[in-house]
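Below is one structure, written out as structure tokens, with a few remarks after it.
The values are calculated or read from the model by the stated rules, or taken from the named source; none is laboratory data. On a predicted model such as this, the values are computed, not experimentally measured, just so you know. Here Cβ is always computed from backbone atoms with ideal geometry, including for glycine, and neighbour counts include all displayed protein chains.
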Amino acid sequence: MTGRLAAVTGRLAAATALAPRPGLDSSAAEWHDAEPDLTNPPSDAAPASSPRISIALHDVTKVYPNGRNALSDVDLTVPEGDFVFLVGPSGAGKSTLIKLLVRDELATHGEVYIAGFEVTSLRGRDIPRLRRQIGIVFQDFKLLPRKTVRENVAFALEVTGTPRKRIAATVERALALVGLTEQAAQRPSQLSGGEKQRTAIARAMVHDPRVIIADEPTGNLDPLISWEIIQLLLRINDMGTTVLMATHNAEVVTALRKRVVALEDGHVVRDEVGGYHRDY
Ligand SMILES: Nc1ncnc2c1ncn2[C@@H]1O[C@H](COP(=O)(O)OP(=O)(O)OP(=O)(O)O)[C@@H](O)[C@H]1O
Ligand SMILES: [Mg+2]
């Protein structure tokens, strides 16, 4: 037992760069232990030898119904396995970009791809399949207050119709991954902020997603706890999961020297590894 969720549940061989991957309900034969080659560090330009794309936006514009233009002509490509910080001042369009990726909002113009799906043209009945490929983490955790940690994580599997007999073991693995086994019977009101966010990350991981999308996951946490959450996301990234994280945390962004995509007024104004040049 390695304790790594991906190693336990296995990873599906994606037949093509953008092929949808079935969720945890797939037959065992479809799964294997294809760990990504992490010896090649991610770069902002995907090398020819690494064609798999996790996220792509082509010429994306989002105008809200009130006329507010939140994103303009955004182009962004994130290879599988990347760790990307999304930065920019308040109102720059970070959450809007994330909402387009998870199909909370529709692009007004352009194409949005994530985990093998073209999101904009996705039929309503296919949205649950998309959401199983994406783990989503929010600043305010979005836990169900009356459910325990274990029940909150299990709920993500129950709503997607995972067979009962698989749920318990999968939940325990996710809780072990985030270090919350001992708190499994506690309710959100009985957890620290960091524990709440780790519960949310366990919930995001239960479907063994290809991508984790986090919108200011450390926004409500003090600096030390923020670092714990970042370390956890880095570990998940090391397991091969692509991570896109919107943040205002300049200290973390500067220290980690990952790829940083900066938005200003709905435009990508910078896309390079390392650094956080402005005080957003
Ligand atoms: N549902 C909506 N209807 C109309 N305008 C919206 C809506 N949601 C966001 N906006 C506007 O779109 C712009 C981008 O907002 P967004 O939430 O994406 O910014 P952000 O970069 O996430 O900011 P923050 O750092 O404060 O979270 C803002 O001007 C905001 O007022
Ligand atoms: Mg936001």
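Can you name the residue in segment 213-222 that is within 16 Å of ligand 1 (Cβ to nearest atom) and over 17 Å from the mean Cα position of the chain (by Cα) and is also farthest from Lys94 (Cα to Cα) among such residues? I'd like the intermediate steps shown before the answer.
At the first step, the residues of segment 213-222 found to be within 16 Å of ligand 1 (Cβ to nearest atom) are 213-221.
Those still in the list that are over 17 Å from the mean Cα position of the chain (by Cα) too: 220-221.
Numbers: Asn220: 17, Leu221: 19 Å.
Among residues in segment 213-222 that are within 16 Å of ligand 1 (Cβ to nearest atom) and over 17 Å from the mean Cα position of the chain (by Cα), the one farthest from Lys94 (Cα to Cα) is Leu221.
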Restricting to segment 184-197, and then to whatever is surrounded by fewer than 20 Cβ atoms within 10 Å (Cβ to Cβ) and polar (S, T, N, Q), can you tell me which residue is nearest to the chain's Cα centre (by Cα)? Ser192
For segment 173-193, check the following and say yes or no: at least one residue is in a helix (DSSP H, G or I) and touching a strand residue (DSSP E or B) at 6+ places or on another chain (Cβ under 8 Å). no
Give the residues of segment 81-103 that are more than 12 Å from ligand 2 (Cβ to nearest atom) and assigned to a helix (DSSP H, G or I), sorted by residue number. Leu100, Leu101
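Got a sec? Which of Ile225, Ile229, Ile236 is more than 12 Å from ligand 1 (Cβ to nearest atom), surrounded by 21 or more Cβ atoms within 10 Å (Cβ to Cβ) and farther than 23 Å from Ala56 by Cα? Step through it out loud before you land on a result.
Details: Ile225 fails: surrounded by 21 or more Cβ atoms within 10 Å (Cβ to Cβ); Ile236 fails: farther than 23 Å from Ala56 by Cα.
The conditions single out Ile229.
Suppose we filter Ile213, Ile201 for residues that are within 19 Å of Lys99 (Cβ to Cβ) and either crowded, with 16+ Cβ neighbours inside 10 Å or within 16 Å of ligand 2 (Cβ to nearest atom) (or both); which single one remains?
Working: Ile201 fails: within 19 Å of Lys99 (Cβ to Cβ).
Being within 19 Å of Lys99 (Cβ to Cβ) and either crowded, with 16+ Cβ neighbours inside 10 Å or within 16 Å of ligand 2 (Cβ to nearest atom) (or both) holds for just one of Ile213, Ile201, which is Ile213.
Let's see how each residue does on (1) at pLDDT 95 or above; (2) over 23 Å from Ala200 (Cβ atoms); (3) touching a His at 6+ places or on another chain (Cβ under 9 Å):
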{"site": "Ile213", "(1), (2), (3)": "yes, no, no"}
{"site": "Glu216", "(1), (2), (3)": "yes, no, yes"}
{"site": "Ser226", "(1), (2), (3)": "yes, no, no"}
{"site": "Leu233", "(1), (2), (3)": "yes, no, no"}
{"site": "Ile236", "(1), (2), (3)": "yes, no, no"}
{"site": "Thr247", "(1), (2), (3)": "yes, no, no"}
{"site": "Lys258", "(1), (2), (3)": "yes, no, no"}
{"site": "Val273", "(1), (2), (3)": "no, yes, no"}
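For Lys147, are the conditions met, namely being within 16 Å of ligand 2 (Cβ to nearest atom), surrounded by fewer than 22 Cβ atoms within 10 Å (Cβ to Cβ) and without any contact (Cβ under 8 Å) to a residue 60 or more places away in the chain? Show your work before the answer.
Working: within 16 Å of ligand 2 (Cβ to nearest atom): no; surrounded by fewer than 22 Cβ atoms within 10 Å (Cβ to Cβ): yes; without any contact (Cβ under 8 Å) to a residue 60 or more places away in the chain: yes.
When the stated conditions are applied, Lys147 does not pass them.
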Any chance segment 104-116 includes a residue that's farther than 20 Å from Lys258 by Cα, aliphatic (A, V, I, L, M), within 16 Å of ligand 1 (Cβ to nearest atom) and not in a strand (DSSP E or B)? yes
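Take Arg131 and decide whether it is in a helix (DSSP H, G or I) and out of contact with any Lys or Arg (no Cβ under 7 Å at 6 or more places or on another chain).
yes
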Leu143 vs. criteria within 23 Å of Ile230 (Cβ to Cβ), aliphatic (A, V, I, L, M), touching a helix residue (DSSP H, G or I) at 6+ places or on another chain (Cβ under 6 Å) and at pLDDT 95 or above: yes
Scanning segment 58-80 residue by residue, those in contact with a Ser or Thr (Cβ under 8 Å, 6 or more places away or on another chain) and part of a strand (DSSP E or B) turn out to be Thr61, Lys62, Val63, Asn69, Ala70, Leu71, Ser72, Asp73, Val74, Val78, Pro79
